[in-house]
Amino acid sequence: MIRHLAAALVALAVGTATPAEATPGLVPAADREVVFTADGTTAYGTLHVPEHRAGQRLRAALLLPGSGPTDRDGDQPPGAAPDTLAQLADTLGGDAIATLRFDKYGTGRTGLGAYRDHPEELDYPAFVRQARAAYESLRDQPETNPHGLLVVGHSEGAMTAMLLGGTVRPRPTGLALLQPQAIRLLDLVALQLKDQVAEATRQGQFTPEQQRAVNAAVDAAVSSLRGNRPVDTTDLPPPVARLFEAFQGPDARFVKSDDAVYPPDTTTALRPGTKVLLTCGTNDVQIPCVTTNALTTALRHAHAGGPGRVALPGVDHLMHDFDHPNTLAPPVLDALRRFARH
């Protein structure tokens, strides 16, 4: 479920451990801590620099996580640790691409920062501004080629990547939109809920009449939220009712500001020829491939470059498949390598 949630920057780094032996003439691969600021909040991240020649400027990618309290590695401790972004950094490093991933608001060392005493004021544009500051920090790293920057976003992070792609300077040369949030937030929430109710009906937990009632109540709840009216939760199952109550409570500002973005509209600001990879997994129940149709069409109309949309057989939202439940699935790796070498 997708849910919650200009900058001065400081790009200072602290070295960490590197391999014991370096190849002669090459600087060994290393990770280091990067610190930058956005809207008065200090954010912390990890810069991964692959093996390279001394003085060489590398292509570099900013990695953006999905929704919720997802940290720099793509984890939501303590319950979920798929290491999505850490694995993306390793994969791109194999193609000599440096990466920066960071703890966004509410996660890791960054925490809530300036929003600590009023988290209800944290909205989606604040996350976009934080990502922009991270992009500028990456741009200014000594190993980075500022004219070879990429943005790689997963889920909600892919929508943020599109917003950055049309506004930052210099413009990124490519965007990788991995299982992207490609329709408005509340439309996606409604789709996910209706799919869950349909599955519960197939299992006998709801009658068809109850299914229709719940679906109608979900649609009414979305309309009420968009119309700034109280949501009637009478016909909603308790977990769904609690979700919409949160959407009217502490998450209201974030939900409203996220839902205001229609991702296909963001493509008009992209520089023509920007290479774009858009992936969708055939086993992704959170963001089905069909939800990316309008975005795919909009990218084509914006004259984005390839490789374009790539369907990933058997791949779920976390980019795993049945045989690779804890690592990026081979179709994901293949798509990323084609993007990196395009």
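Tabulated data
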{"item": "Any chance P272 is out of contact with any Cys (no Cβ under 7 Å at 6 or more places or on another chain) and in the same structural domain as L318 (by TED's automatic domain parsing)", "result": "yes"}
{"item": "In the range 192-212, residue farthest from V290 (Cα to Cα) [restricted to those that are of a type in the set (G, A, S) and assigned to a helix (DSSP H, G or I)]", "result": "A200"}
{"item": "Residue within the range 277-300 that is under 16 Å from L150 (Cα atoms) and either among the hydrophobic types (A, V, I, L, M, F, W, C) or surrounded by fewer than 14 Cβ atoms within 10 Å (Cβ to Cβ) (or both) present", "result": "yes"}
{"item": "Top-ranked residue in the range 96-119 [being within 13 Å of D39 (Cα to Cα) and not basic (K, R); ranked as nearest to the chain's Cα centre (by Cα)]", "result": "Y105"}
{"item": "Search result, residues across the range 213-232 that are under 23 Å from P288 (Cα atoms) and more than 31 Å from the chain's Cα centre (by Cα)", "result": "none"}
{"item": "Unmet criterion (only one of (1) closer than 20 Å to A126 by Cα; (2) in contact with a strand residue (DSSP E or B) (Cβ under 8 Å, 6 or more places away or on another chain); (3) of a type in the set (D, E, K, R)) for K256", "result": "(2)"}
{"item": "Some residue of the range 273-281 being in contact with a strand residue (DSSP E or B) (Cβ under 9 Å, 6 or more places away or on another chain) and over 30 Å from D73 (Cβ atoms)", "result": "yes"}
{"item": "Members of the range 94-112 found to be surrounded by fewer than 19 Cβ atoms within 10 Å (Cβ to Cβ) and over 14 Å from T46 (Cα atoms), listed by number", "result": "G94, D95, A96, G111, L112"}
{"item": "Condition check for R3: touching an Asp or Glu at 6+ places or on another chain (Cβ under 8 Å) and modelled with pLDDT under 95", "result": "yes"}
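Condition check ((1) among the basic types (K, R); (2) under 30 Å from G305 (Cα atoms); (3) at pLDDT below 95) across all residues:
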position	(1), (2), (3)
V151	no, yes, no
L175	no, yes, no
Q181	no, yes, no
R184	yes, yes, no
K194	yes, no, no
R202	yes, no, no
F206	no, no, no
A220	no, no, no
D232	no, no, yes
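Here's the yes/no breakdown for (1) surrounded by fewer than 17 Cβ atoms within 10 Å (Cβ to Cβ); (2) hydroxyl-bearing (S, T, Y); (3) in the same structural domain as M162 (by TED's automatic domain parsing):
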{"residue": "A217", "(1), (2), (3)": "no, no, no"}
{"residue": "A221", "(1), (2), (3)": "no, no, no"}
{"residue": "P230", "(1), (2), (3)": "yes, no, no"}
{"residue": "T234", "(1), (2), (3)": "yes, yes, no"}
{"residue": "F244", "(1), (2), (3)": "no, no, no"}
{"residue": "F247", "(1), (2), (3)": "no, no, no"}
{"residue": "P250", "(1), (2), (3)": "yes, no, no"}
{"residue": "R253", "(1), (2), (3)": "no, no, no"}
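The values are calculated or read from the model by the stated rules, or taken from the named source; none is laboratory data. All figures in this text were calculated on a predicted structure; none of them were measured in a lab. Note that we place each Cβ from the backbone using ideal geometry, even for glycine, and neighbour counts take in every protein chain shown.
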